[in-house]
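Everything on this sheet refers to the single structure shown next.
No value in this document is a laboratory result; all are computed from the given coordinates. Since the model is a prediction, treat every value here as computed from it, not as a measurement. Virtual Cβ from ideal backbone geometry, glycine too; neighbours counted across all protein chains shown.
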Amino acid sequence: MTITADPEVGIPAFRTVTVIGQGNHPRFPRVLAELRGLCEAQGVEVRLGPEPGTDAEAFSPADVDLLITLGGDGTLLHGARLMARWHRPVLGINLGHLGFLTSIAPSEMAEHIPLLLRGEFWLDVRFTLEARVIERDGRAGPAYLALNDAVLHKGGLARVVRLSIHVGPDEQEVATFSSDGLIMATPTGSTAYSLSASGPIVVPSVECIVATPICPHTLVVRPLVLPSDTVVTVRSVSPTTELILTVDGQDGERLGPGERLVVQRGAASVPLVRFPGQHFFRTLRRKLSWSLEPGDGAR
């Protein structure tokens, strides 16, 4: 999908851009100043959004034309989760280390921001997951939106948990196993925690849910790739074990005895800004050091 400038009046597709990031990052003020100069030179206003971890009650995502994140993947995840229900495009500028989800480095802004404001980009739309904790009496807790993953893991002492996985509305049992937890990932999240736990790398256009056990205590338990419309229910077979749900490494809650986790495809999606020539496999090569091309060093 490509958004273009208005051909009749010759103005950018975006009237304003909103920027969020870690204000205490040493590079943030300089990169923000350069970004502001590039945008204002094209008549586009730059606004500051809430920093990750701060109160965002006064922030109105409905008023955002385009969100730009200055930071790493964590900052982009925070921004994407803010904007997902409004389907606004998100551009990540990498101030971190790996920055797998971000699109450009600060050194590339002078080239790519004018392209962005002329509408010369495409949108890489990623789907999300919805995770809910169901209480013992059947009441559903709040819905958490995950762009990367919903992780059910143990809390407290270093001991294993025994989990059972069920799929579908009739909750067909798939497996019961002992492990340190379970990762339910989107294709976007397949290159995050799930990959570290030996899960598969999934091309983003393949719509699926990846269930990856964390350190399973039997070698026959392997990651499972499920259709994206599957409803997955996870229960603890060890009723005295305390479990914690963590969503995109940012939100979550504890699961008490008899409670269960239900994960399914979310209604929201996240459009990530990409530029001509950028594609998933080139990102894999560059970010994961797969046959580095000349001049393709990690940014």
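What the table below lists for this structure:
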{"item": "The chain, Rg to Rh (Cα coordinates; Rh as Kirkwood inverse mean 1/r)", "result": "1.00"}
{"item": "About the Cα centre, charge dipole magnitude for the chain (Lys/Arg +1, Asp/Glu -1 at Cβ), debye", "result": "660"}
{"item": "Inter-part distance where the range 171-248 and the range 86-125 are each reduced to a Cα centre, Å", "result": "30"}
{"item": "Tail fraction, Cα-Cα pairs, the range 128-268, threshold 26 Å, whole percent", "result": "13"}
{"item": "Point-to-point label distance, residue 285-residue 65, nm (Cα→Cβ direction, 7 Å offset)", "result": "3.5"}
{"item": "Computed lengthening from residue 139 to residue 206, 0.36 nm per intervening residue step minus Cα-Cα distance", "result": "20.9 nm"}
{"item": "Interchain or long-range residues, amide H under 5 Å from residue 87's placed H", "result": "269"}
{"item": "Computed magnitude of the charge dipole of the range 128-268 (debye, nearest 20; Cβ of K, R +1, Cβ of D, E -1)", "result": "340"}
{"item": "Förster radius 45 Å - calculated FRET efficiency between residue 132 and residue 41 (Cβ-Cβ, nearest 0.05)", "result": "0.45"}
{"item": "The chain, relative contact order [Cα under 8 Å, separation at least 6], %", "result": "19"}
